[in-house]
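Engineer: Structure provided below as structure tokens; questions to follow.
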Amino acid sequence: MTSATQAKASARVATNAPPSPAATPHPGRRRVALAAAIGAVLALAAVSLFVGVSDVTPLSLFQADTDSHALQVFLLSRVPRTVAIVLAGSAMAICGLVMQMLVRNRFVEPSTIGTTEAAGLGLLTVTILAPGMPLIGKMLVASVFALASTLVFVRILRALPLRSVVLVPVVGLMLSGVIASVSTYVAFDHDLMQTLSAWLTGDFSGVIAGRYELLWIVAALTVAIYIAGDRFTVAGLGEQFTTNLGLNYRRTLAIGLILVSIVTSVVVVVVGALPFLGLVVPNVVSLAMGDNLRRSLPWVAVLGAGFVLVCDIVGRVIRFPYEIPIGVVVGVVGAALFLFLLLRKRARVG
């Protein structure tokens, strides 16, 4: 039996405990429910296309000629913005799922273990040392910084004598605070505080045609994550179990961390940070779908996109015609849900 076949076979039992019948609905019902969720996200995307200060309505588009203001706003701003929201929301939710699987803790994601902050530090370093570097180069540098921070977090976890449910995210938040402090000091010293703040606060208002296309890299990497989903599921059971099945644990871990780092860096470069997104959505999905990554990933992607679409629409209408950055809305809602999940888990453990 090949290692890939072993991984697929083991993915069927890759949960900490046997799921209850309620957590494993009939496949036909799952497909119907997923189709309904996709339909709801498409409806939210349609609403997003026509929410904003500019007067863009379906009727104005139907009556518009090729030079009309409404059509230009729709094609150059509204469509790229909505596509970017869907891609970024899905990608960051999936990154959270992969990170939780590899680290074996439900309360970690890129914004709580320093990955996002390290990507911002990488962008800050490029801005100071090589301001003329192309956008793809800045993304690669940010990816290297993000990967280095993630590896430091994993190394710290291995040195911990005890991995409690609460201790792991606390260590991640401490590492995030250290990296954020370094970034703040460097930015203050070079008069780049506003620039750093813009990078670390998610905002889709500046997304237009020609400034979001890097996010299609995220879509390709998401497909790669789906293909390797069984291997990540097995790796989540631990090094000894993975090795016994013939898989290279360290290689699988490295591939997963590299994919997460690149996706996080692309999102930070294009739209900024989306805190707690990758923590909340995978936890909600796991309550119903269990720990099988390949089975959960479509749901995580759909709900991640829907969650960001809702937060973006709320940010645009709550103080209309002004706009609240998406990072603020996602951060407030995500932090509240993070505390709820953390206290709920702690109560169950206690």
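The values are calculated or read from the model by the stated rules, or taken from the named source; none is laboratory data. Quick caveat, the model's predicted, so the values are computed rather than measured. Backbone-built Cβ (ideal geometry, glycine too); neighbour counts: all protein chains shown. The protein model used for the area step is the full one, side chains on, heavy atoms only, and it has no ligands, DNA or RNA in it. Shrake-Rupley method; radii C 1.70, N 1.55, O 1.52, S 1.80 Å.
Engineer: Taking region 126-159, which residues are more than 13 Å from Ile262 (Cβ to Cβ) and without any contact (Cβ under 8 Å) to a residue 24 or more places away in the chain?
Structural biologist: The answer is Val126, Leu129, Ala130, Pro131, Gly132, Met133, Pro134, Gly137, Arg155, Ile156, Arg158, Ala159.
Engineer: Same structure again: Does Ile113 fit the bill of being at pLDDT 90 or above and open to solvent by less than 60 Å² (accessible area, probe 1.4 Å)?
Structural biologist: The answer is no for Ile113.
Engineer: Here's a follow-up. Go through region 253-272 residue by residue and tally those that are open to solvent by 10 Å² or more (accessible area, probe 1.4 Å) and in contact with a helix residue (DSSP H, G or I) (Cβ under 7 Å, 6 or more places away or on another chain).
Structural biologist: Residues in region 253-272 being open to solvent by 10 Å² or more (accessible area, probe 1.4 Å) and in contact with a helix residue (DSSP H, G or I) (Cβ under 7 Å, 6 or more places away or on another chain): 6 in total.
Engineer: Since Asn283 meets every condition but one in (1) part of a helix (DSSP H, G or I); (2) at pLDDT 85 or above; (3) open to solvent by 40 Å² or more (accessible area, probe 1.4 Å), which condition does it not meet?
Structural biologist: So Asn283 meets the others, but not (3).
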